[in-house]
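Shown next, in structure tokens, is the structure this report addresses.
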Amino acid sequence: MGFGWPMTGRMMAAGLRPTLSIDDVPSVGGDMFATMRTAFVVQRGLDGSLDSRDLLEFATLDGAQALGLGIRTGSLAPGKDADVILLRTDDLTVLPVTDPAGTAVASGHPGLVDTVLVAGKVVKRAGALVGVDLPELKARLAASRDRVTAAAGVPLDSTWSPQPRA
């Protein structure tokens, strides 16, 4: 989107802890694994100042701290919400796992997410959302997309492009 190089290394050099987030899901797909990997690879190319544990902290503990939620979440500790993501480690795309943090950052993808707990409640198990009518959700999402794009006059055949600003 033309924002330039990530500032992760410069922020750390200045004594700041960066965080990672996704605020434009249509543009980048909402994949935090890809976001971690991009920041990691770019910084490695620039100066090699980050390791995989840094990226996991940016996406978890540092993100919770930045939102003022560090006392509740962001790490696993007694008294904190049990927000947990369990990844499959038997998938061919990550075998053999020798460094879990390195694997999550360098090779992780949404397809590896097996189980998710939010505040201790299981919301995804064995790769499937719990208590969600997926066909109904997909139909509602498609109808919403169609309504918004029709109202905006945006075709869904990849021919639309924004007009340059004057």
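The values are calculated or read from the model by the stated rules, or taken from the named source; none is laboratory data. All values derive from a computational prediction rather than experimental measurement. Ideal geometry is used to build each Cβ from the backbone, glycine not excepted, and the neighbour counts take in all protein chains shown.
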Does Ser75 fit the bill of being touching a helix residue (DSSP H, G or I) at 6+ places or on another chain (Cβ under 8 Å), closer than 18 Å to Val116 by Cα, among the hydroxyl-bearing types (Ser, Thr, Tyr) and modelled with pLDDT of 90 or more? yes
Being among the charged types (D, E, K, R), without any contact (Cβ under 8 Å) to a residue 12 or more places away in the chain and in contact with a Leu (Cβ under 9 Å, 6 or more places away or on another chain), is that true of even one residue in the range 113-125? yes
Set Val94, Val116, Val105, Val123: member being surrounded by 15 or more Cβ atoms within 10 Å (Cβ to Cβ), more than 16 Å from the chain's Cα centre (by Cα) and modelled with pLDDT of 95 or more: Val94
Please list, ordered by first then second residue, the pairs with beta carbon atoms under 7 Å, 6 or more apart or interchain, first in the range 75-87 and part of a loop (DSSP other than H, G, I, E, B), second charged (D, E, K, R). Lys80/Arg72; Asp81/Arg72
Residues (of a type in the set (Gly, Ala, Ser), over 15 Å from Thr38 (Cα atoms) and assigned to a loop (DSSP other than H, G, I, E, B)) located in the range 97-121: Ala119, Gly120
Enumeration of residues in the range 126-166 that are of a type in the set (Gly, Ala, Ser), farther than 27 Å from Val94 by Cβ and surrounded by 11 or more Cβ atoms within 10 Å (Cβ to Cβ): Ala139, Ala150
